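The values are calculated or read from the model by the stated rules, or taken from the named source; none is laboratory data. What you see is a predicted model, and the numbers here were worked out from it, not measured in a lab. Positions of Cβ are backbone-derived with ideal geometry, glycine not excepted, and every protein chain shown enters the neighbour counts. With ligands, DNA and RNA removed, areas are computed over all heavy atoms of the protein, side chains included. Shrake-Rupley method; radii C 1.70, N 1.55, O 1.52, S 1.80 Å.
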Amino acid sequence: ASNVIPGQVTFTVDVRAMDDLGREAIIYEFSNRLYHMCDRRSVFCNVERKHDANAVVCDPSLSRQLKSASY
């Protein structure tokens, strides 16, 4: 229902970055902000990392095609 505040929410966030260090920084900052927000609202939150995969460089030819298609 549109006017109901749920008792529990579960969602996923897919974080991607050009390198592992950048992705870790994003996850760290996101988690800190989420926990801080929950603390201010006196609600419980839990961040679980379900899947971690190392960053890989996209094929340069594919990158050029995607960039070209975005114009």
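Yes or no, residue by residue, for (1) in contact with a Pro (Cβ under 8 Å, 6 or more places away or on another chain); (2) open to solvent by 80 Å² or more (accessible area, probe 1.4 Å); (3) not in a helix (DSSP H, G or I):
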site	(1), (2), (3)
GLN8	no, yes, yes
ASP14	no, yes, yes
GLU24	no, no, no
LEU34	no, no, no
GLU48	no, yes, yes
ALA55	no, no, yes
SER61	no, no, no
(message) I need every pair where a residue in the stretch 4-20 that is over 18 Å from LEU34 (Cβ atoms) has its Cβ under 7 Å from the Cβ of a residue that is in a loop (DSSP other than H, G, I, E, B) and not small (Gly, Ala, Ser), sequence separation at least 6 or different chains.
(response) ASP20/ASN54
